[in-house]
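Everything on this sheet refers to the single structure shown next.
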DNA sequence: ACCTGAACACCGTTCAAGT
DNA sequence: ACCTGAACACCGTTCAAGT
C-alpha cells in the first residue's frame, strides 16, 4: 500500500490543521490526538509525521493561526482612540477569549519542552499582537520615550490577559467577581490614568 | 497478596501527596503519573484509587497545598503597608512563582472537566489568597466602599498573575520585557495611583 | 477490609515494508 | 517518494481475586 498522491504535502498540512482546529474548538485541547486527526482526514497516524515534526510542532502551528485570528479581531476595533481605544481593545480581547475559549486556551496551556526555544516565526506572531496594543499607547502620549511606552503596553496587556485567564478558568468567579468586562476595563482605565499622571516615566 | 495494613489510609494519602509534589517540582506537571507515584511509595496503582477519586481529585489536593504555601509566603511580607505593601505583595507572588515554578503552574494548567464544579473547600483556599491582597487594599483607603475595594483587589491581582504567567512561559521575554519585577511593580503602582485618584469609585 | 495485578481502552512516536 | 500498519513504550481507570 502507500503512494496515493491524492493530495500534496501542503494540502495534507492544511487538512490536518483544519481538522485539528475543529477538534480543539469542539472538544478542547486535551481531546486533540494524532489518531483522531488522522481518522478525520482519512489518512493514518504516520502520515501526520510526514508534515509535522511532532505534536508540539503541530500545536505551535495551530496557535500561530489563532494569534493571527486574534490580531484580526483586535484590528476590527478601529473606531476608538486614546484611553477608550485601549479599553475597547481589552474588551475585544476578552470577547475573543470567550467566543473561542478552547482555541485561545491552547496557546497558553501547551508548554513546549524546557529546552526547545520559541521559533522566531512564532515570536513574530506574538509580537504582532502586542504591537497593536503598543500602537494604541503611542496615540496616548506622543512625548513618552518609546522604551517606556513599550514596557507599559506589554505590562498592561499581560495584566488584561491575567484577568481573562482567571475569569475564564473560574477562579475569579469563585471569588465573587461576576462581571469580568468591568474588571478588564477597570484594570485598563486605572493603569492608564496612573501611567499618564506619572509624568516622565520611571521604572 | 493484599491486606498489608502497614499504613493507615491517612498515611497513604500523605505519602501520595508528598511523592506527587516531589515529582511535580522536579519534573513538571506533565510527568505526574499514577504509576510513578505508586512506584515511589511502594504500592500499586490501584491503591491510589482507594484514597483519591481520580487524577483530577489528587491534583486538586496538591494545588490546595500550594495555595496554602502561597498564602504563607505572602504573609511573610508583613513589613510594608499601603501602596508599597501591595507592591511588595506583587513581588512576593512573582518570587514564589519563580521559585516553585512547576507547583505554581499546576494550579492553572490542570483544568478539571467542564461539568465538575470547583469544590467549596478549594474555593476557600483561593479566597484566602485573594483575601490577603484585599486586606492590603483596606489599609489603602478606609473610606472606599467594600464592594469596590474587593473588586479592585481581585482585578489587580488577576493582572499581577497575568504578568507572571506571560513572563514565566516566555511570552513577555519574546517580546522584549526582560525585567519582570519592573512589570509587576509598574502594574501595581500605576493601577493603585489611578484607583486612588478616581475619587468615589465607579465601575 | 485492604491491596494486588492483570486487563481495558487509550496515548505519541517510529519504521520496515509495500506500491 | 509516499503512505501504511504494526509495533513499542507508555497512559488512567477498573475490578475480580487473594489474604
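The numbers here are math on the coordinates, done by the rules we state, and not lab data. These numbers come from a predicted model, not from an experiment. So basically every Cβ, Gly included, is an ideal-geometry build from the backbone, and we count neighbours across all protein chains shown.
Quick notes
- Centroid-to-centroid separation of the range A:90-158 and the range B:82-152 [C-alpha atoms, Å]: 23 Å
- Given in Å, the Rg to one decimal and the Dmax to the nearest whole number for the Cα atoms of the protein assembly as shown are 22.9, 78.
- Choice from A:173, A:131, A:159 with maximal GNM fluctuation in chain A (Cα, 10 Å cutoff): A:173
- Rg then Dmax, both in Å and based on the Cα atoms of chain B: 19.9, 71.
- Angle in degrees between helix A:82-99 and the longest Cα principal axis of chain A, rounded to the nearest 10: 30 degrees
- Radius, Kirkwood style, for the range A:119-166 when every pair of distinct Cα atoms is counted (Å): 11.5 Å
- Structure remark: mean-square fluctuation, Gaussian network model of chain B, C-alpha springs under 10 Å; the largest value among B:16, B:126, B:118 belongs to B:118.
- Only DSSP H runs of four or more residues enter the estimate; each adds -39500 (n - 2.57), and after division by the residues of the protein assembly as shown the mean residue ellipticity at 222 nm equals -23500 deg cm²/dmol.
- Column: log10 I(q)/I(0), Debye, Cα scatterers of the range B:45-100, q = 0.12, 0.19, 0.23, 0.28 Å⁻¹: -0.43, -0.70, -0.85, -1.04
- Shielding by partners for peptide A:145-156, expressed as the average number of C-beta atoms from other protein chains within 10 Å of each residue's C-beta, is 4.
- Stokes-Einstein diffusion for the range A:1-52, with the hydrodynamic radius set to the Kirkwood value over Cα pairs and evaluated at 25 °C in a medium of 0.890 mPa s, equals 218 µm²/s.
- Principal-axis tilt of helix B:180-196 within chain B, Cα atoms, nearest 10 degrees: 50 degrees
- Helix axis angle, B:146-168 relative to chain B longest principal axis, alpha carbon, degrees: 60 degrees
- Residue of chain B nearest the B-to-A rotation axis [by Cβ], rounded angstrom distance: B:162, 1
- Length-normalised contact order of chain B in % [C-alpha pairs under 8 Å, at least 6 apart]: 21 percent
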